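Heads up: the structure comes next, in structure tokens.
Just so it is clear, none of the values below were taken in a lab; they were calculated from the coordinates. As the structure is a computational prediction, the values presented were derived from the model and not from experiment. Virtual Cβ from ideal backbone geometry, glycine too; neighbours counted across all protein chains shown.
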Amino acid sequence: MNKFKRELAILAVLLIAVSAISVFYYGKMMDAGVEKVPIHWNINNEPDNFASPLVACLFGPGMVILIMVATFAMSRKEYSKSEKRSTRFVILLIASFLVFINWVALKSALGYGSDGGIDISAIHLGLGLMFILLGNQLGKLPYSRWVGIRVPATLNNEEVWNRVHRKSGKYMVLSGACILIAAFLGDKPLTIIFYIPFIVSLILMIFVIPAIATKQVENEGKLNKNN
């Protein structure tokens, strides 16, 4: 029995949604006689890479299909109840975010974005909410073979894993909150400042927090490797 049957069903709904969005904007592009649309914007919010409307509209559905394939492959493994719940959350959160980004990109590509660029405020909003939700889940994440901060220190000891994820979850939520502030500032260059906490948090989560947690656990005599 597929262990992620419910998740695959929800992903199928998201695939229908992202496909409907793509079909809608593809029709708009064809009606407008558009031959190429932007698929990437530089730091100045100016388009610097283009593709045909068909390629641009296939990106979103393609990414959701890849997530469905990966989810189906993951279902072959055995999971604890808590591990399955956390893995499900991350899968659906990422897929939902991709559907949102697909809508923002196609909307902006067709000219609905501010000043001809991508809707930066919407991107900030989506990223901020995603990091807040992800950080909230990160602190509860059980030892997992698929998701989480998978560095040698956390993989070798479950106690280190738990401490690193509880601490890192707080940093992730704080980073998301900072990015949400940027959503109210539009595409001003100043908004890049609100991503500094996220960059610093990544460095702390990957290098500093695991080292500190390992030392703490070692001092407490709990540093036994997982079997």
query: Going through the range 136-180, which chymotrypsin sites (Phe, Trp or Tyr not before Pro) have at most 13 other Cβ atoms within 10 Å and a DSSP loop state?
result: none
- line: Cross-link reach from LYS215 to lysines, straight Cα distance under 28 Å and at least 8 residues apart if same chain, gives LYS140, LYS167, LYS170, LYS225
field: D_trans [Stokes-Einstein, Kirkwood Rh over alpha-carbon pairs] for the range 119-227, 25 °C, 0.890 mPa s, µm² s⁻¹
entry: 168 µm²/s
query: What list of whole percents do you get for P(r) of the chain, with Cα-Cα distances grouped in 5 Å bins up to the one holding the largest distance?
result: 1, 7, 12, 14, 15, 15, 14, 10, 6, 4, 2, 1, 0, 0
- line: Amide H contacts under 5 Å for PHE50, restricted to residues at least 5 apart in sequence or on another chain and with H modeled in the peptide plane, are ILE39
task: Output the relative contact order of the chain, whole-number percent, from Cα pairs under 8 angstrom with separation of 6+ residues.
output: 19 percent
- request: For the range 119-227, calculate the relative contact order in percent as a whole number, restricting contacts to Cα pairs under 8 Å that are 6 or more residues apart.
  value: 37 percent
query: What's the longest piece of the chain with no exposed GluC sites (Glu not before Pro), counting a site as exposed if DSSP puts it in a loop and it has at most 16 other beta carbons within 10 Å?
result: 79-219
